[in-house]
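Worksheet: the structure to be examined is printed underneath.
The values are calculated or read from the model by the stated rules, or taken from the named source; none is laboratory data. These numbers were taken from a predicted model, which means no experiment stands behind them. When we count neighbours, we look across all protein chains shown, and the Cβ atoms used for this are built from the backbone with ideal geometry, even at glycine. SASA here: full protein model, heavy atoms, side chains in, ligands and nucleic acids out. Shrake-Rupley method; radii C 1.70, N 1.55, O 1.52, S 1.80 Å.
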Amino acid sequence: MIYFDNNATTQIDECVFEAMSPFLKTMYGNPSSVHRLGRIAKSAIEIAREQVASLIDAPASQIIFTSGGTEANNLALNALPFNQLAISGTEHSSIFEPANRCENVNVIPVNAGGIIESRSIDELIENRPDFVSIMLANNETGVIQSIAEIAKQFREHGIVFHADAVQAVGKIPVSFSELGVQMLSLSSHKIYGPKGCGALVIDKSLKINPLLLGGGQEKNQRSGTENVAAIVGFGKAAELAKSELEFRHVTMFELRTLLESELEKLPRVTIFAKNTPRLPNTVLFGIDKIEGEWVLLTLDQKGICVSSGSACASEGKEPSQVLLAMGVLPEQAKTAIRVSLSHHNTTAEVLQFIEIIKSFGV
Ligand code: PLP
């Protein structure tokens, strides 16, 4: 099998699995318990908090563990009272859907390359939003926004700024302090950690409204008995992502360069957002007049896992909202196929993939 769907999820790292294992077997204490087993669990969580904080250059005290990126995004959007919300037109559904429940929402346009232009930010500021959410890197195209630049402008206007960094973390350097946002969402399973675990990083100046009320865990910001094993796994995955970041980046970038140079030789292939700064592992492309859904299913029969647009959208037949927001026509948007690489992939896998794509007569 060839796994080219690493933006959907990643294979759990063996070291992560090993780190988690005792907390699923013998170290089963509740971190809120004062006895020995409870204290062991609590200190394991605090170590994981340090590991995650170190990956994104944030104080550990500002990390709140959640059940994943979706919860982190929902928590961010519900954290503070605001009058006027703005989100980009290419956000993940875990931002789009909660935003849909809000009354005054501006959608910030992107250009044909998937980028928010500075004049759109200037226009947005004139509308006086008090809360804005823009993703750092897009899950479908891999397009990276200039979050630090935008954050500087928002700070000058007192606008609270949240960024979804779920796809960026572990693939490119991400520093909470350098980005200058007030909130940042993370997810464990995108960085070779377990599913069902993530975090929201919150600036210490903010006092947030929790989504979940109860026992007051996570400093009253996210109640519920902690998923200790998953948090430990997330911490280990973060530690590995930090130490291997350079190697992973270079490996994925070289594979992507090969993949794109081969795809570009095929006359019916279009690579979306080709000339925009993107994640080193992501290629979204289409083959003229062939539906992405058909390509996905045909590749699956040959043991190759890819995605057509976002994983969540691939059950539906609707064209990618991200591509539509970039001005791509629905017919062409329906051709989209996403390859998202990992440092575990090889040159041989990329070449085999290309041969199969060629066999479609493109
Ligand atoms: N944000 C982005 C950009 C994502 O790609 C995803 C998952 O695909 C999420 C948020 C949701 O994260 P999780 O799967 O941990 O809920």
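Key figures for this structure:
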read-out: Only listed residue being surrounded by fewer than 14 Cβ atoms within 10 Å (Cβ to Cβ) and closer than 20 Å to residue 186 by Cβ, chosen from 11, 62; value: 11
read-out: Selected residue (criterion: farthest from residue 330 (Cα to Cα)) from residues of segment 269-287 that are open to solvent by 30 Å² or more (accessible area, probe 1.4 Å) and in contact (Cβ under 8 Å) with a residue 60 or more places away in the chain; value: 277
read-out: Residue list for segment 44-59, restricted to those being open to solvent by less than 60 Å² (accessible area, probe 1.4 Å) and either under 23 Å from the mean Cα position of the chain (by Cα) or free of Cβ contacts under 8 Å to residues at least 60 places away in the same chain (or both); value: 45, 48, 49, 51, 52, 53, 54, 55, 56, 58
read-out: Subset of segment 327-362 (residues that are of a type outside the set (S, T, N, Q) and open to solvent by less than 10 Å² (accessible area, probe 1.4 Å)); value: 333, 336, 337, 338, 339, 341, 350, 353, 354, 357
read-out: Given (1) in contact with a Ser or Thr (Cβ under 7 Å, 6 or more places away or on another chain); (2) on the phi > 0 side of the Ramachandran plot; (3) modelled with pLDDT of 95 or more, number of the condition residue 309 does not satisfy; value: (3)
read-out: Criterion: open to solvent by less than 20 Å² (accessible area, probe 1.4 Å), more than 16 Å from the ligand (Cβ to nearest atom), at pLDDT 95 or above and assigned by TED's automatic domain parsing to the domain that holds residue 164 - qualifying residue of 95, 134, 121, 116; value: 121
read-out: Residue within segment 31-54 that is charged (D, E, K, R) and not in a helix (DSSP H, G or I) present; value: no
read-out: Test: residue 196 is buried (at least 20 other Cβ atoms within 10 Å of the Cβ), within 14 Å of the ligand (Cβ to nearest atom) and either without any contact (Cβ under 8 Å) to a residue 24 or more places away in the chain or small (Gly, Ala, Ser) (or both); value: no
read-out: Residue in segment 282-301 that is under 23 Å from residue 144 (Cα atoms), in contact with a strand residue (DSSP E or B) (Cβ under 9 Å, 6 or more places away or on another chain) and assigned to a loop (DSSP other than H, G, I, E, B) present; value: no
read-out: Subset tally (residues that are farther than 17 Å from residue 273 by Cβ and within 16 Å of the ligand (Cβ to nearest atom)) for segment 162-177; value: 8
read-out: Residue count for segment 55-69, restricted to those that are assigned to a helix (DSSP H, G or I) and in contact with a strand residue (DSSP E or B) (Cβ under 8 Å, 6 or more places away or on another chain); value: 3
